[in-house]
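Single-structure report; data block below.
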Amino acid sequence: MKALFISLLVLNLLSLSFSELCNPHDKQVLLQIKNHFGDPYLLASWLSDTDCCTSWNQVECDATTNRIVSLRIFSGDLSGEIPAEVGDMPYLETLEFHKLTNITGPIPPSISNLIHLISLRLSDLNLTGPVPDSLSKLKNLRVLVLSFNSLSGSIPSSLASLPEIDILELDRNNLTGPIPESFGNFAGRVPGISLSHNQLSGKIPASLDNTNFRLIDFSRNKLEGDASMLFGPNKTSGSVDLSRNLLEFNLSKAVFPNTLTYLDVNHNKIFGSIPTQMTQLNYLSLNVSYNRLCGQIPQGGKLQTLDYTAYFHNRCLCGAPLASCK
């Protein structure tokens, strides 16, 4: 009877080992990542004697191949640099490190090995160094979010060669230099783009006249000169934020798309008057304060329903909701 019990136990253990779904290579890489971070509590479910496809948090396996396709680590006590081993999971489609403010160091170059990557989010960390030019190798990438870090240097022009990019967020870093000319000629779809809260300077490239962004946020930089190329009757932009720059152009001559629902240009050097066409934008949230605008605010549409703070601190703007024109 005892021998029979031992035999059944051995068979059961063998059955468990043979039924594990997790790919051995992927599992080994994940255990190396866990070891790199010093076996943190956040990764406590990553145990060598359990199946990474069925028992581990923060990871997902493909239902058919059982290869790791998603690694999402967020909101926990994790410190150190992102290890190079993250680039050793060849079927990864989603990679996310988020709200881990003790994650430091550069973006590892090995990430460019992840040719199947669709979404890359490295946000609310404390990453330093440049945005790697090698990210342009990720031809399936649709989402690139590197917000809320301390990245520096210029924006690689090669990011415009990503044919599938749909969301590009590089805001709240220490990026410098101009907006790349290539952003007027994306290889495929045109992404919603956020570059706010950086140290970008120079003029907005004229090439952006050819580009139809649905969302633009260039706020809180040191951009100067004209921005009227971002508008136009044939564009379909919904939200444009250019606030707190050094932009200087004639607002009277700008033609806005009917799709525009949000426009913030406060704290610039914009002159001219508010175009009458703005009365036709029925869903517009507007802020033109702290500029050099003059003339009467056109009557109609949503313009009189906005708070006076949307218009104040201009050179000689008048009419409701501001004081009457003299």
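The values are calculated or read from the model by the stated rules, or taken from the named source; none is laboratory data. For clarity, every value in this text was computed on a predicted model and none was experimentally measured. Virtual Cβ from ideal backbone geometry, glycine too; neighbours counted across all protein chains shown. Note: accessible area is taken over every heavy atom of the protein model, side chains too, but ligands, DNA and RNA are not part of it. Shrake-Rupley method; radii C 1.70, N 1.55, O 1.52, S 1.80 Å.
For this structure, a couple of remarks:
- Candidates 79, 55 - the one that is touching a Phe, Trp or Tyr at 6+ places or on another chain (Cβ under 8 Å) and open to solvent by 40 Å² or more (accessible area, probe 1.4 Å): 79
- Flag for residue 151 being at pLDDT 95 or above, buried (at least 21 other Cβ atoms within 10 Å of the Cβ) and over 22 Å from residue 197 (Cβ atoms): no
- Residue check for residue 317: among the hydrophobic types (A, V, I, L, M, F, W, C), closer than 30 Å to residue 154 by Cα and assigned to a strand (DSSP E or B): no
- Scan the stretch 206-227 for residues that are open to solvent by 10 Å² or more (accessible area, probe 1.4 Å), of a type outside the set (Lys, Arg) and more than 20 Å from residue 285 (Cβ to Cβ) and the total you get is 9.
- Hits in the stretch 83-94 (condition: within 17 Å of residue 38 (Cα to Cα) and either of a type in the set (Phe, Trp, Tyr) or open to solvent by 10 Å² or more (accessible area, probe 1.4 Å) (or both)): 84, 85
- Residue check, residue 57 part of a loop (DSSP other than H, G, I, E, B), under 27 Å from residue 106 (Cβ atoms) and at pLDDT 95 or above: yes
- Unmet requirement for residue 152, which otherwise passes all of (1) outside any strand (DSSP E or B); (2) touching a Ser or Thr at 6+ places or on another chain (Cβ under 8 Å): (1)
- Selected residue [of a type outside the set (Val, Ile, Thr), free of Cβ contacts under 8 Å to residues at least 60 places away in the same chain and in a strand (DSSP E or B)] from 207, 252, 237, 201: 201
- Some residue of the stretch 59-68 being within 24 Å of residue 197 (Cβ to Cβ) and either basic (Lys, Arg) or crowded, with 17+ Cβ neighbours inside 10 Å (or both): no
- Criterion violated by residue 234 - all others in (1) surrounded by 20 or more Cβ atoms within 10 Å (Cβ to Cβ); (2) under 23 Å from residue 163 (Cα atoms) satisfied: (1)
- Leading residue by the ranking (surrounded by the most Cβ atoms within 10 Å (Cβ to Cβ)) among those in the stretch 97-116 that are in contact with an Asp or Glu (Cβ under 6 Å, 6 or more places away or on another chain) and in a loop (DSSP other than H, G, I, E, B): 116
- Where a residue in the stretch 170-183 is among the hydroxyl-bearing types (Ser, Thr, Tyr) and its partner, wherever it lies, is in a loop (DSSP other than H, G, I, E, B) and surrounded by fewer than 20 Cβ atoms within 10 Å (Cβ to Cβ), with Cβ under 8 Å and at least six apart: 176/154
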